Amino acid sequence: MVKYAVPAYYILACAEASSNLSRFDGIKYGYRADDAEDIVGLMRKSRTEGFGPEVRRRILLGTFVLSSGYYDAYYVKALKVKALIKKAFDAAFEKFDVILSPAAPTTALPVGQALSDPLKMYLGDIYTVSVNLAGLPAVTMPCGFDKGGLPVGAQLIGKPHGEGTILNAAHTYQLHTDFHQKGTGRCAEMKYEIVCGLEVHVEMNTKTKIFCGCTTAFGGAPNTTLPGLHWTARCASRAQPRGGGGAR
């Protein structure tokens with residue numbers, strides 16, 4: 001089912017983006033543009049300036065899959081795939097307490113280098129999005145290094161409400177290994193430390209990196225104003241340079 005996870009996830013995620021972000025019109029929610037001539041212009045200008053390229057791409061894809069004539073062909077099928085993925089995990093957890101998988105198909109890109117191909121960027125999530133579709137807890141942890149000295153991540157997936165089990169398993173693994181304490185090449189030079197990374201769902205009324213064309217380049221200024229936070233429960237350990245931080 002893994003090969004179906006990415007298309008199903010992005011169909012559903014883009015559909016949700018199209019629906020949920022429709023409220024960001026510059027009047028009731030979100031960033032408001034200046035110097036609009038009328039209300040239609042205000043909405044158009046606010047959404048054009050307020051959403052970055054990736055957000056606009058997801059809105060367009062989501063609007064397409066939810067449109068008449070394509071709803072059954074894409075959105076409904078993606079919901080069926082989501083149910084099948086959940087069923088497959090349920091069957092696996094009848095035999096196992098924890099599932100171990102790769103965290104990503106490749107190691108990290110060099111610092112400051114972004115993927116210009118959205119499809120390749122989406123395929124980088126192939127091992128993690130099935131967890132989101134099934135509504136399961138997961139944690140990632142360093143488990144080694146590739147030939148270039150870049151860290152390799154492993155993912156532990158648990159049963160529903162099994163956060164304690166996977167965190168204990170990850171902690172036990174790190175008690176018996178030291179991958180999380182060392183690095184090679186540039187990783188060693190940058191003196192990485194392990195921090196806890198949380199996936200955060202937020203509703204914002206300010207112009208931010210999530211909903212605007214602001215720079216997302218490495219080293220850019222962090223967002224500091226995050227009103228209306230609603231935390232979710234996906235927790236993963238990752239490495240970042242010491243002294244880093246801030247919501248991005």
Taking first residues from region 53-79 that are of a type in the set (S, T, N, Q) and second residues anywhere that are crowded, with 16+ Cβ neighbours inside 10 Å, the pairs with Cβ under 9 Å that are 6 or more apart or on different chains are 63/14; 63/15; 63/18
Region 88-116 residues that are under 24 Å from residue 173 (Cα atoms) and surrounded by 12 or more Cβ atoms within 10 Å (Cβ to Cβ), paired with ones that are basic (Lys, Arg) and modelled with pLDDT of 90 or more (beta carbon under 6 Å, 6 or more apart): 93/159
Of the residues that make up region 113-122, is at least one under 30 Å from residue 160 (Cβ atoms), in contact with a strand residue (DSSP E or B) (Cβ under 8 Å, 6 or more places away or on another chain) and assigned to a helix (DSSP H, G or I)? no
How many residues are in contact (Cβ under 8 Å) with a residue 60 or more places away in the chain and within 21 Å of residue 66 (Cα to Cα) if we restrict to region 22-51? 2
For residue 142, which of the numbered conditions (1) on the phi < 0 side of the Ramachandran plot; (2) of a type outside the set (D, E, K, R); (3) within 15 Å of the chain's Cα centre (by Cα) fails to hold? (3)
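The rows are residues; the columns are (1) part of a helix (DSSP H, G or I); (2) over 17 Å from residue 12 (Cβ atoms).
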residue: 94; (1), (2): no, yes
residue: 100; (1), (2): no, yes
residue: 136; (1), (2): no, no
residue: 139; (1), (2): no, yes
residue: 143; (1), (2): no, yes
residue: 152; (1), (2): no, yes
residue: 157; (1), (2): no, yes
residue: 166; (1), (2): yes, yes
If only one of 66, 12 is closer than 28 Å to residue 135 by Cβ and surrounded by fewer than 19 Cβ atoms within 10 Å (Cβ to Cβ), which one is it? 66
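The values are calculated or read from the model by the stated rules, or taken from the named source; none is laboratory data. Just so we're clear, the structure is a prediction, and the values are computed from it rather than from any experiment. Cβ sites come from the backbone with ideal geometry, for glycine too, and all protein chains shown count toward neighbours.
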